[in-house]
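Below is one structure, written out as structure tokens; the observations come after it.
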Number of protein chains: 2
Amino acid sequence: MTLILAESAIEPMPEQLWKHPAVQKYAKQRRKHPRFIVLDRSYHHSAMKTLTLNEKRGRPDIVHFALLEALGSPLNKEGLLQAHVHTVSDYVIWVNPETRLPRNYGRFVSLIEQLFEFGQIPPEGDEKQLLALKKQNLTQLMDEIKPSYTLALSRIGRPETLEATVSKLTREKKPVVLVGGFPHGHFSESATKLADEVVCIDREMLEAWTVVSRVIYEYERALSLPRKRLTDKG
Amino acid sequence: MTLILAESAIEPMPEQLWKHPAVQKYAKQRRKHPRFIVLDRSYHHSAMKTLTLNEKRGRPDIVHFALLEALGSPLNKEGLLQAHVHTVSDYVIWVNPETRLPRNYGRFVSLIEQLFEFGQIPPEGDEKQLLALKKQNLTQLMDEIKPSYTLALSRIGRPETLEATVSKLTREKKPVVLVGGFPHGHFSESATKLADEVVCIDREMLEAWTVVSRVIYEYERALSLPRKRLTDKG
């Protein structure tokens with residue numbers, strides 16, 4: 001299964017905010033140029049007021065938690081999951097399934113800042129890459145992946161239980177699941193158009209990390225992975 | 001269902017470390033006395049070497065993330081979940097199901113520091129409490145809850161799928177689930193003795209937040225909650 005966190009609220013500080021006093025102060029504390037800082041509502045709330053679509057931006061914690069759920073899952077340990085992060089400003093982060101992300105939030109943010117600065121982690125050398133960045137929009141990413149079926153999960157989709165939805169995915173050669181990596185609002189129209197189906201799994205908003213955890217677990221269940229992993233001794 | 005994060009790696013700075021240079025430096029930066037700081041391996045790694053059982057301690061992120069999974073779940077929104085955090089140094093944190101925890105890690109840690117200082121959040125007044133602290137060990141907490149059945153999830157338990165395990169819980173009047181709130185190692189013997197059953201749901205270690213997310217979701221499924229919440233319009 002391929003998981004895409006779409007339109008995720010993680011991005012380098014937008015240029016229009018570099019001169020904002022709160023951003024300058026924060027950058028000075030961090031001893032970095034604002035361009036090498038990740039936008040974070042916890043610290044840049046006042047500066048963000050002038051940004052377009054600001055309610056969908058500046059929440060790197062969502063990507064952090066959602067990736068921890070994805071990478072720590074048995075599905076990933078079996079080599080059956082590939083995760084990508086598509087960002088609100090149209091970057092795509094490829095995540096090596098073997099990456100062990102920092103559990104500490106500050107360290108995760110520093111890592112993402114390095115990634116935006118150098119384009120890959122580790123920043124230099126021919127070692128195996130753990131994270132890789134490119135400028136790419138969601139349509140281009142999907143063209144590259146060529147999914148056989150794309151499911152988007154969204155509160156404004158057709159109501160169906162996750163169990164019923166995911167059972168169909170397991171019959172697909174290359175299923176892709178789109179989960180919004182943002183705190184409020186919905187997928188843009190262009191993202192919705194890329195999906196074969198948009199499904200709503202609960203009547204209330206669920207957080208991205210919860211949706212990621214549940215969709216992965218349902219997929220494991222549909223493959224009988226929990227039972228197999230307990231009986232095969234690996 | 002009652003969820004207990006047991007022997008969780010969250011505690012105020014132990015007195016023996018107050019004078020450690022790294023802790024003193026960190027406390028100065030935070031402008032707090034070391035006693036009002038939460039032990040965190042990300043910042044106090046070198047100081048922690050002399051602590052007993054140090055591999056199970058200093059990971060407040062585990063409680064943070066596990067509680068976010070619990071509080072954001074549909075089960076909790078239905079009023080069917082109560083979460084408690086039992087800590088490695090025998091405090092118990094009662095968590096109001098309506099609490100909205102900070103998503104930002106630094107803010108969560110500051111909140112827990114306030115909780116250890118004042119014993120409740122908010123620290124003063126007769127407002128509804130969101131978090132409340134007391135000195136209590138796991139046995140005392142269980143005596144208070146009086147579970148009809150206690151399930152502990154642990155890698156060294158009897159192998160069984162979560163689905164099979166949880167389906168039994170739904171027949172219980174007051175089921176309690178114990179999940180370890182620590183990064184490595186196993187429940188202490190005294191914790192294990194409090195469980196009616198110790199079950200292993202995967203052959204590899206799963207992180208506490210993943211176990212919490214999955215056990216809650218399975219419980220919802222066993223109650224047909226996903227379907228009910230989509231059809232009843234609440």
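The values are calculated or read from the model by the stated rules, or taken from the named source; none is laboratory data. Not measured: the values here are computed from a predicted model. Counting neighbours? That spans all protein chains shown, and the Cβs are built from the backbone with ideal geometry, glycine included. Note: accessible area is taken over every heavy atom of the protein model, side chains too, but ligands, DNA and RNA are not part of it. Shrake-Rupley method; radii C 1.70, N 1.55, O 1.52, S 1.80 Å.
Pairs meeting the criteria (first residue in region B:108-128 and under 12 Å from B:ILE10 (Cα atoms) and acidic (Asp, Glu), second residue open to solvent by 50 Å² or more (accessible area, probe 1.4 Å) and not in a helix (DSSP H, G or I), beta carbons under 9 Å, at least 6 apart or on different chains) are B:GLU113/B:LYS32. Exactly one residue out of A:LEU153, A:LEU178 is out of contact with any Phe, Trp or Tyr (no Cβ under 9 Å at 6 or more places or on another chain), under 30 Å from B:ARG100 (Cα atoms) and not acidic (Asp, Glu): that is A:LEU153.
Table: residues versus (1) crowded, with 16+ Cβ neighbours inside 10 Å; (2) at pLDDT 95 or above; (3) under 18 Å from B:VAL109 (Cα atoms).
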{"site": "B:SER8", "(1), (2), (3)": "yes, yes, yes"}
{"site": "B:LYS19", "(1), (2), (3)": "no, yes, no"}
{"site": "B:ILE37", "(1), (2), (3)": "yes, yes, yes"}
{"site": "B:GLU55", "(1), (2), (3)": "no, no, no"}
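Residues in region A:76-121 that are away from chain B (no Cβ under 14 Å), hydroxyl-bearing (Ser, Thr, Tyr) and open to solvent by less than 30 Å² (accessible area, probe 1.4 Å): A:THR87, A:THR99.
Checked against (1) more than 14 Å from every other protein chain (Cβ to nearest Cβ); (2) touching a Ser or Thr at 6+ places or on another chain (Cβ under 6 Å), B:GLY72 passes all but a single condition, namely (1).
Remark: pairs (first residue in region B:39-59, part of a helix (DSSP H, G or I); second residue open to solvent by 100 Å² or more (accessible area, probe 1.4 Å) and of a type in the set (A, V, I, L, M, F, W, C); Cβ separation under 9 Å; 6+ apart in sequence or on different chains) are absent. Just one residue in the set A:LYS25, A:LYS19, A:LYS32 is part of a helix (DSSP H, G or I) and either of a type in the set (A, V, I, L, M) or over 27 Å from A:ASP143 (Cβ atoms) (or both); that residue is A:LYS25. The listed residues are A:ALA164, A:ALA191, A:ALA132, A:ALA152, and the only one of them that is open to solvent by less than 50 Å² (accessible area, probe 1.4 Å), free of Cβ contacts under 8 Å to residues at least 24 places away in the same chain and either within 14 Å of chain B (Cβ to nearest Cβ) or not in a loop (DSSP other than H, G, I, E, B) (or both) turns out to be A:ALA164.
For region B:207-225, the set of residues classified as touching a helix residue (DSSP H, G or I) at 6+ places or on another chain (Cβ under 8 Å), open to solvent by 20 Å² or more (accessible area, probe 1.4 Å) and facing chain A (nearest Cβ under 10 Å) consists of B:GLU207, B:ARG221, listed by residue number.
Here's the yes/no breakdown for (1) closer than 27 Å to B:ASP196 by Cβ; (2) at pLDDT below 95; (3) in contact with a strand residue (DSSP E or B) (Cβ under 9 Å, 6 or more places away or on another chain):
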{"site": "B:GLU117", "(1), (2), (3)": "no, no, yes"}
{"site": "B:GLN129", "(1), (2), (3)": "no, yes, yes"}
{"site": "B:LYS134", "(1), (2), (3)": "yes, no, yes"}
{"site": "B:MET142", "(1), (2), (3)": "yes, no, yes"}
{"site": "B:GLU163", "(1), (2), (3)": "yes, no, no"}
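Restricting attention to region B:194-208 and to residues that are in a loop (DSSP other than H, G, I, E, B) and closer than 19 Å to B:ILE145 by Cα, the residue that is farthest from the chain's Cα centre (by Cα) turns out to be B:ASP196. When restricted to residues that are open to solvent by 10 Å² or more (accessible area, probe 1.4 Å) and either farther than 19 Å from A:ILE93 by Cα or within 14 Å of chain B (Cβ to nearest Cβ) (or both), region A:175-187 contains 5.
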